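The values are calculated or read from the model by the stated rules, or taken from the named source; none is laboratory data. Bear in mind that the values here come from a model prediction, so they are computed numbers and not experimental data. Ideal geometry is used to build each Cβ from the backbone, glycine not excepted, and the neighbour counts take in all protein chains shown. These area figures cover heavy atoms from the full protein model, side chains too; ligands, DNA and RNA do not enter into them. Shrake-Rupley method; radii C 1.70, N 1.55, O 1.52, S 1.80 Å.
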Amino acid sequence: METVILAVVIAVVVLGALGGLIVGSRRRKPLPPPPPAAPDITAPPAEPHVGDEAETPRDEPRRTIEEVDLPGGSAPVAVEEPPTVEAPEIEIPEPTAGRLVRLRARLSRSQNALGKGLLTLLSREHLDEDTWEEVEDTLLTADVGVLPTQELVERLRERVKVLGTRTPEELRGLLRDELLKLVGTDVDRTVKTEPEDRKPGIVMVVGVNGTGKTTTTGKLARVLVADGRTVVLGAADTFRAAAADQLQTWGERVGAYTVRGPEAGDPASVAFDAVKEGKEMGVDVVLIDTAGRLHTKTGLMDELGKVKRVVEKHAPLDEVLLVLDATTGQNGLVQARVFAEVVDITGIVLTKLDGTAKGGIVVAVQRELGVPVKLIGLGEGADDLAPFEPEAFVDALIGE
């Protein structure tokens, strides 16, 4: 009996435990989620119009394609025209007739120390040897040169001895006559630009760096234009970067055409083309500006001779002008000798004669080369290049 009761009790306990396990497992199982609510559907924002903020688009009337006016053809393309470059204003140069006479006052301010010094010495009551030595020193200081100085002093001695009593007017006249003989009045100083049998006249300008050669070429173009000539400029100085630009600027001022080549190009080719262009255009004169060669460099001097030979394939040169800086004095004569050996110099241009230059260099350089001074530069102005006139020059030396 006890055994039966024990079995019943065990069965009840087992059944109770199984029932607890089933209930616990049901409690741990998650409940399914509730069904989602229907979402609110919102329209995407419209693109804002120009000038509008991002907002709900306004109701605007819309046109159909039939209501839109279409262009008849493709829209014209706007083509921008290149900016027009105004041509420089053509200047009218000052006439050359009597130009040195008008510039005489400027010349006399810096040059009449020679004339005044000589007049002061010759006005002494007794002209002894010491006085004549002072006369020689005055002339040599003015760069007249040794031989011309000796000749002038001898002539002055003779004339003063014959003259006897000397008034200031007589002395001034005497000195003027002798200086004119020294400078020379019977020499043709015309710049040859009008050959009889052809056109154009050909002028080549040579000189050492720093003498004002390119500027002188430009000023000479003004002189010729003022005399009614037409001019072509040849920028054969291809080794100095600014030379061609500088010469072209001078030409544009007076309406002269400039022929130029590439930088560091062949100068002879530029010179050849300039003469060819001048012949085709029918101008009166072609001016060729050459490089400012250092006279100590033989190779460069040989190249200058080449330019001359190439140009002469067109026609002979009418002028070869050597530009010298008057302030260099006797040192300029060294340059003159070397250039004269390479090309046949036909005339001299003395620049910067209004500065510290001594007027006697006119006499010395003419004696050295046997060719006349044809032009002198008296300042930085565009029209300060003047034909050399012996009478006006001597009058400026001795003063009024």
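In terms of solvent-accessible area of protein heavy atoms at a 1.4 angstrom probe, what is the ranking of Glu196, Glu303, Glu319, highest value first?
Values: Glu196 190, Glu303 45, Glu319 0 Å².
Reading off the accessible areas and sorting them downward yields Glu196, Glu303, Glu319.
Long-range amide H contacts for Thr258: which residues qualify at under 5 Å (H placed 1.01 Å from N, peptide plane, sequence gap of 5 or more or a different chain)?
Residues meeting the criterion, in which the H sits 1.01 Å from N, are Leu233.
Spelling out what I want: for every residue of segment 135-145, take phi, set θ = phi - 60°, compute 6.51 cos²θ - 1.76 cosθ + 1.60 (Karplus), and round to whole Hz; glycine and proline get x.
Values, residue by residue: 4, 4, 4, 4, 5, 5, 5, 7, 6, 5, x Hz.
Consider a paramagnetic label point 7 Å from the Cα of Lys181 along Cα→Cβ; state which residues of segment 109-152 have an amide N under 15 Å from it.
It comes to 148-152, nothing else.
Quick one: go through segment 177-196 and flag any residue whose amide nitrogen is under 17 Å from the point 7 Å out along the Cα-to-Cβ line of Glu154.
The answer is 178-179, 181-183, whose backbone nitrogens lie closer than 17 Å to the label point.
To the nearest 10 square angstrom, how much accessible area does Asp186 have with a 1.4 angstrom probe?
Looks like 140 Å² after rounding.
Out of all DSSP beta bridges in segment 251-400, what portion is antiparallel? Express it as a percent rounded to 5. Working shown, then result.
Details: 3 of 11 bridges.
The antiparallel proportion sits near 25 percent.
Please go through the residue pairs Lys213/Lys306; Lys313/Lys352; Lys306/Lys374; Lys276/Lys358; Lys219/Lys358 and name each one whose alpha carbons sit more than 29 Å apart in this structure. Mind dumping the intermediate values first?
Values: Lys213/Lys306 19 Å; Lys313/Lys352 34 Å; Lys306/Lys374 25 Å; Lys276/Lys358 41 Å; Lys219/Lys358 23 Å.
Result: Lys313/Lys352; Lys276/Lys358 exceed 29 Å.
Hey, with R₀ at 22 Å, roughly what FRET efficiency would Arg309 and Gln330 work out to, going by the Cβ-Cβ distance, to 0.05? If you can, show how the numbers build up before the last one.
Numbers: r = 31 Å, r/R0 = 1.41.
Here the calculated transfer efficiency is 0.10.
Is any residue of segment 149-177 close enough, with backbone N under 20 Å, to a label point placed 7 angstrom from the Cα of Ala340 along the Cα-Cβ axis, and if so, which?
Those under the cut-off are 149-152.
Provide Arg155, Arg253, Arg309 ordered by accessible surface of protein heavy atoms (probe 1.4 Å), highest first. Show your work: numbers first, answer last.
Values: Arg155 65, Arg253 85, Arg309 145 Å².
Most to least solvent-accessible, the answer reads Arg309, Arg253, Arg155.
Leaving ligands and nucleic acids out of the surface, order Ile10, Ile202 by accessible area at 1.4 Å, largest first.
Ranked list, largest accessible area first: Ile10, Ile202.
Work out, step by step, the length gained on full extension between Asp302 and Glu129: first 0.36 nm times the residue separation, then minus their alpha carbon distance; give nm to one decimal. List each step's numbers first, then the result.
On the way: separation 173, 0.36 × 173 = 62.28 nm, distance 4.90 nm.
Full extension of this stretch gives 57.4 nm more.
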